[in-house]
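Asker: One structure, pasted below without further comment.
The values are calculated or read from the model by the stated rules, or taken from the named source; none is laboratory data. For clarity, every value in this text was computed on a predicted model and none was experimentally measured. When we count neighbours, we look across all protein chains shown, and the Cβ atoms used for this are built from the backbone with ideal geometry, even at glycine. For accessibility, only protein heavy atoms count, side chains too; no ligands or nucleic acids. Shrake-Rupley method; radii C 1.70, N 1.55, O 1.52, S 1.80 Å.
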Amino acid sequence: LLSVGRLVPKKGVPVLMEACSILRREGHPFECRLVGHGPLEPYLRALAGRLGIADRVTFDGVLTGADLARAYAGADVFVLACVESMHGETDTLPVVLTEAMASGIPVVSTRIAAIPELVEQGCTGLLVEPGNATELAAAIKRMLDNVALRKTLVAGALGKVRRDYDVRRTAAQLYECMLHAEGRE
């Protein structure tokens, strides 16, 4: 399992760790890599110990470039357990989801903000309710146990990213919008 992002409340990493503890209790093998740094790191390290998953969770710190690409390439499932923070902050549409999908990794995330526009349930990934560790664990387990599902979701995700997030296409669309706004169609 791979999760990439700042270690801040809206990323939902404590929920991911609770889901990992459920997987462990159920005897499901996994390793979870957390890429990123942030103010919650000490709390998360302690939480991993309390949940009995410290030997299954690694904190890689910030990775960029080739190191981040290798992290994506080595993952079986990308998980981003976004939630609404106690101050009302959410991730609108995290770029790391697009990066994971473009890297050919099946994704599991939450139904929050604009994430469902990118991660379409059962087509480009799996979605769960924010903050629901039990549902998150079930989605992760389903993904890990079903190679055919992973392949189907990866194919759908690659198609979506190529269709909707190709820089050449979006630049051309932006150019057309700018021409229209200036009245030079």
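Asker: State which residue pairs qualify: first residue more than 11 Å from ARG24 (Cβ to Cβ) and touching a residue at least 12 places away in the same chain (Cβ under 8 Å) and inside region 52-67, second residue open to solvent by 60 Å² or more (accessible area, probe 1.4 Å) and part of a strand (DSSP E or B) in any location, beta carbons under 6 Å apart, and separation of 6 or more residues or different chains.
Answerer: THR58/ARG33; ASP60/ARG33
Asker: Under 8 Å between Cβ atoms, which residue pairs at least 6 apart in sequence (or on different chains) link something in region 120-136 that is hydroxyl-bearing (Ser, Thr, Tyr) with a partner that is modelled with pLDDT of 95 or more and in a strand (DSSP E or B)?
Answerer: The qualifying pairs are THR124/VAL107.
Asker: Considering only region 57-69, state which residues are surrounded by fewer than 19 Cβ atoms within 10 Å (Cβ to Cβ) and closer than 19 Å to SER21 by Cβ.
Answerer: Across region 57-69, the qualifying residues are THR58, PHE59.
Per-residue answers, yes or no, for (1) open to solvent by 30 Å² or more (accessible area, probe 1.4 Å); (2) polar (S, T, N, Q); (3) under 18 Å from the mean Cα position of the chain (by Cα):
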residue: LEU127; (1), (2), (3): no, no, yes
residue: MET143; (1), (2), (3): no, no, yes
residue: TYR165; (1), (2), (3): yes, no, yes
residue: ALA181; (1), (2), (3): yes, no, no
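Asker: Would you check which residues across region 70-88 are in contact with a helix residue (DSSP H, G or I) (Cβ under 9 Å, 6 or more places away or on another chain), surrounded by fewer than 17 Cβ atoms within 10 Å (Cβ to Cβ) and either at pLDDT 95 or above or closer than 21 Å to CYS32 by Cβ (or both) and list them? Don't jump to the end; show me each part of the working.
Answerer: Start the filter on region 70-88 by keeping residues that are in contact with a helix residue (DSSP H, G or I) (Cβ under 9 Å, 6 or more places away or on another chain), which leaves 72, 75-87.
Still in the running and surrounded by fewer than 17 Cβ atoms within 10 Å (Cβ to Cβ): 76, 85-87.
Matches in region 70-88: ASP76 only.
Asker: Suppose we keep only residues that are of a type outside the set (D, E, K, R) and more than 12 Å from ILE112 (Cα to Cα) within region 89-100. Which one would you say is surrounded by the most Cβ atoms within 10 Å (Cβ to Cβ)? Spell out how you get there, then give the answer.
Answerer: Pass one, region 89-100, residues of a type outside the set (D, E, K, R): 90, 92-98, 100.
Okay, now just the ones that are also more than 12 Å from ILE112 (Cα to Cα), so 95-98, 100.
Details: VAL95: 11, VAL96: 21, LEU97: 24, THR98: 18, ALA100: 30.
By that ranking, first place goes to ALA100.
Asker: If the requirement is being modelled with pLDDT of 95 or more and within 18 Å of PRO130 (Cα to Cα), which of these qualifies: VAL35, VAL13, VAL57?
Answerer: Working: VAL35 fails: within 18 Å of PRO130 (Cα to Cα); VAL57 fails: within 18 Å of PRO130 (Cα to Cα).
Of VAL35, VAL13, VAL57, the one residue that is modelled with pLDDT of 95 or more and within 18 Å of PRO130 (Cα to Cα) is VAL13.
Asker: Does region 22-32 include one or more residues that are farther than 27 Å from HIS87 by Cα and touching a strand residue (DSSP E or B) at 6+ places or on another chain (Cβ under 6 Å)? Let's see the steps before the verdict.
Answerer: Taking region 22-32 first, the residues farther than 27 Å from HIS87 by Cα are 22-32.
Checking the rest, the ones that are also touching a strand residue (DSSP E or B) at 6+ places or on another chain (Cβ under 6 Å) come to 32.
Checked against the condition, which is being farther than 27 Å from HIS87 by Cα and touching a strand residue (DSSP E or B) at 6+ places or on another chain (Cβ under 6 Å), region 22-32 yields at least one hit.
Asker: Right, next: Can you tell me which of GLY49, GLY5, GLY74, GLY12 is without any contact (Cβ under 8 Å) to a residue 60 or more places away in the chain and small (Gly, Ala, Ser)?
Answerer: Details: GLY5 fails: without any contact (Cβ under 8 Å) to a residue 60 or more places away in the chain; GLY74 fails: without any contact (Cβ under 8 Å) to a residue 60 or more places away in the chain; GLY12 fails: without any contact (Cβ under 8 Å) to a residue 60 or more places away in the chain.
On inspection, the qualifying residue turns out to be GLY49.
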